[in-house]
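Just so you know, all these numbers are worked out from the coordinates, no wet-lab data involved. Predicted model only: the values in this text are computed from it and were never measured. Note that each Cβ is placed from the backbone with ideal geometry, even for glycine, and that neighbours are counted across all protein chains shown.
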Amino acid sequence: MSKLRVIVTCIDLISESVGKCFSWCIVVLIIGICYEVLMRYSFNDPTSWAYDMSFILYGALFMMAGAFTLSKGGHVRGDFLYRKWKASNQAKVDLVLYFLFFFPGILAMVIAGFGYGYSSFSLGEVSVNSPVGIPIWPLKSLIFFSGFFLFLQGTGEVLRCVICISEGSWPERK
């Protein structure tokens, strides 16, 4: 089981690194929105790029933080009954649910995200919301990467379930 724990820890570290890297989007987002508000209301000179920047950065932050949130056990659960069960029973139910619902959905996200990203990149797709024509393909490409990292972290969660079933308690989250 120690090898599984090492793998789970490595997957958690990858998710944490990606999440922390993309958390910097919030700083850029705040600076950009503050600049837009200043220009719009103080100088009556609104920017043509702030709207696009805000939804692209927020979308990137939201998508790429999913695996990090999963690694920390932070996603919303309806666990009013579940939390009273033995850990091994929780792990068995989680294991089934990951294979029935999580992996098919994430696999669809990876496949569709690759198609959307590739098509958008091939076309040189730009935003239709502003006259500047900000490229939108980087955001659409993130759908694939977000799905990939969620799939990877889901694999880590499945391994966490296997450890719990064999040992009777959940491995510690870092």
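Span-like helix criteria (full DSSP H runs; alpha carbon extent of at least 20 Å along the helix axis; mean Kyte-Doolittle hydropathy of at least -0.5) are satisfied in the chain by 2-23, 25-42, 50-64, 103-123, 137-167.
For the stretch 31-132, which trypsin sites (Lys or Arg not before Pro) are both in a DSSP coil and crowded by at most 16 other Cβ atoms within 10 Å? Mind showing how you got there, number by number?
Working: sites: ARG40, LYS72, ARG77, ARG83, LYS84, LYS86, LYS92; in loops: LYS72, ARG77, LYS86.
Within the stretch 31-132, the qualifying trypsin sites (Lys or Arg not before Pro) (loop, at most 16 other Cβ atoms within 10 Å) are LYS72, ARG77, LYS86.
Largest mean-square fluctuation among VAL76, VAL132, VAL158, in a Gaussian network model of the chain whose springs join Cα atoms under 10 Å apart, belongs to VAL76. In the stretch 2-167, taking the dipole from charged Cβ atoms about the Cα centre, the farthest positive-side position among SER54, PHE145, SER2 is held by SER2.
Here the relative contact order of the stretch 1-61, from alpha carbon pairs under 8 Å that lie six or more residues apart, stands at 37 percent. The magnitude of the dipole of the chain, with charges of +1 and -1 set on the Cβ of Lys/Arg and Asp/Glu and taken from the Cα centre, is near 740 debye.
Of all the options ASN89, ASN44, ASN129, the one that moves most in a Gaussian network model of the chain with Cα springs shorter than 10 angstrom is ASN44. May I ask which of LYS20/LYS84; LYS3/LYS140; LYS3/LYS72; LYS92/LYS140; LYS3/LYS174; LYS72/LYS140 have a Cα-Cα span longer than 28 Å here? Check vs 28 Å cut-off fails for LYS20/LYS84; LYS3/LYS140; LYS92/LYS140.
Classify the stretch 20-64 as rounded, prolate or oblate from the Cα gyration tensor: take a ≥ b ≥ c as the square roots of its eigenvalues, call it rounded if a/c is under 1.5, otherwise prolate when a/b beats b/c and oblate if not.
Working: a/c = 4.59, a/b = 2.29, b/c = 2.01.
Here the stretch 20-64 falls in the prolate category.
Normalised by the number of residues in the stretch 2-167, the average gap of Cα pairs under 8 Å and 6 or more apart makes the relative contact order 32 percent. Of the options (1) 52; (2) 38; (3) 46, only one is percent of Cα pairs over 23 Å apart as computed from these coordinates, and that is (1). Please state the shape class of the stretch 37-114: rounded when a/c is under 1.5, otherwise prolate if a/b exceeds b/c and oblate if not, all from the C-alpha gyration tensor. Cα axes put the stretch 37-114 in the prolate bin.
Summary value for the stretch 118-171: 21 percent relative contact order, contacts being C-alpha pairs under 8 angstrom separated by 6+ residues.
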